[in-house]
Amino acid sequence: MAEVIWGLATSHVPSIGAAMDNKKTEDAYWKPLFDGYAPARAWMTDHTPDVAIIVYNDHANAIDLAMTPTFAIGTADKYTVADEGWGPRQVPVVKGAPELSRHLLGSLIDDGFDMTVCQELEVDHGLTVPLSVYCPDPGEEWPCAVVPLLVNVIQYPQPTAARCLALGEALGRAIRSFPEDIKVAVFGTGGMSHQLAGARAGLINETFDRMFLKAIETDPESLAALSREDYVREAGSEGIEMIMWLIMRGALGSDISRVHETYHVPASNTAAALALFENLSTKTSA
């Protein structure tokens, strides 16, 4: 049976990918951020999954506002990298896990989540930057296959935080019911607090961010109880991306341990963070 071995929450700021792509990670501006990633990267290198389920939002590259699914899942055998206006990132094509994708799709629909199916999908920085945070030097191919799970955090009404946590719990059940003996990691991406436009452009709320970083481990239900308006007021219009972390958290279950955490301001004009959790229940059952 499949098992969830760890979960990663990470910002997906496009300039983080650009810093890696343009060899700027040792520059004074970027070095503190990437130094903060180092312990998590070392640990994840020693705990390579067979498949990563990456929960992210498309940024009007593969999915535009003409048709915006609340939740969608990729079922392809590969995902090419989107051109976001300056050429595709020079990273490997993302290998899919179609058998697992189809299993998750059926299980989630049976569990009451009406998923949109993406049989073809170009992936943007929302997915590729987290992959690079995990594995900065993939060479010719990424170290694991990927199932993209997309969430609408752009167009109102976004799903509630409570619905995201419930989806994560259903995702965890779906993974564990997959009959193949594979190891799975789940990424929750986006955030932390930031706002890109309007009167509050440049907003960063470190107090809220640090509360969230603590509660995502110990009390995710309190985060699920917050409304859309709570997230936008406290974390900014783009900070609502943080609800995607709750999908990762729900998939892990209750018996977890924090491996590493880092928080940095700013990455571009965003508060950037990483939180890595090990699923202890898989060690108990091993």
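Derivation of every value follows stated rules applied to the coordinates shown; laboratory data play no part. None of the values given here were measured: they were computed from a predicted structure. Every residue, glycine as well, gets a Cβ built from its backbone with ideal geometry; the counts of neighbours run over all protein chains shown.
Before rounding to the nearest 500, sum -39500 (n - 2.57) across all DSSP H runs of length at least 4 in the chain and divide by the residue total; then give [θ] at 222 nm in deg cm²/dmol.
Counting only the DSSP helices, I get -11000 deg cm²/dmol.
Per residue and in cubic angstrom, what volume does the convex hull of the Cα atoms of the range 38-122 have?
Hull volume over Cα atoms, normalised by residue count, gives 134 Å³.
Direction-averaged shadow area of the convex hull around the Cα atoms of the range 2-44, nm²?
3.8
How many nm is it between the label spots at Ser268 and Glu99, if each spot is 7 Å from the Cα in line with the beta carbon?
Output for this residue pair reads 3.8 nm.
List nothing, just return the count: lysine pairs in the chain, 8 or more apart or interchain, with Cα separation under 30 Å.
14
In what sequence do Tyr56, Tyr263, Tyr29, Tyr79 fall when counting other Cβ within 10 Å, fewest first?
Final ranking by Cβ density, sparse to dense: Tyr29, Tyr263, Tyr79, Tyr56.
Assuming 0.36 nm per residue, please report the length gained on full extension of the stretch Ala197 to Asp46 beyond their Cα-Cα distance.
Full extension of this stretch gives 50.3 nm more.
Relative to the compact-globule scaling 2.2 N^0.38 Å, provide the ratio for the alpha-carbon radius of gyration of the chain.
For the chain, the normalised Cα radius of gyration comes out at 0.91.
How would Tyr37, Tyr156 line up from fewest to most surrounding beta-carbon atoms within 10 angstrom?
Sorted ascending by nearby Cβ count, the order is Tyr156, Tyr37.
Whose amide H sits under 5 Å from the amide H of Ala267, counting only residues 5 or more places off or on another chain, with H placed in the peptide plane?
Ala272
Multiply the residue separation of Asp181 and Lys283 by 0.36 nm, subtract the distance between their alpha-carbon atoms, and state the gained length in nm to one decimal.
35.3 nm
Can you check what the Kirkwood hydrodynamic radius comes to for the range 86-152, Cα pairs only, in Å to one decimal?
That comes to 13.5 Å for the range 86-152.
Put a dot 7 Å past each Cα toward the Cβ at Asp137 and Lys31; how far apart are the dots in nm?
In this crude label model, Lys31 to Asp137 measures out at 1.9 nm.
From the phi angles alone, apply the Karplus equation (6.51, -1.76, 1.60; θ = phi - 60°) to the range 93-107 and give each ³J(HN,Hα) in whole Hz, x where the residue is Gly or Pro.
3J(HN,Hα) across the range 93-107, in whole Hz: 4, 8, 7, x, 10, x, 5, 5, 4, 5, 5, 4, 4, x, 5.
Please check: in the Gaussian network model of the chain (C-alpha springs, under 10 Å), which one of Pro88, Pro159, Pro14 has the largest mean-square fluctuation.
Pro88
Skipping prolines and chain starts, which residues have an amide H placed within reach, meaning under 5 Å, of the one on Asn205, given they are 5 or more residues away or on another chain?
Residues meeting the criterion, in which the H sits 1.01 Å from N, are Ser193.
Which number do you get for Rg(Cα) / (2.2 N^0.38 Å) in the range 1-145?
After normalising by residue count via 2.2 N^0.38 Å, the value is 1.09.
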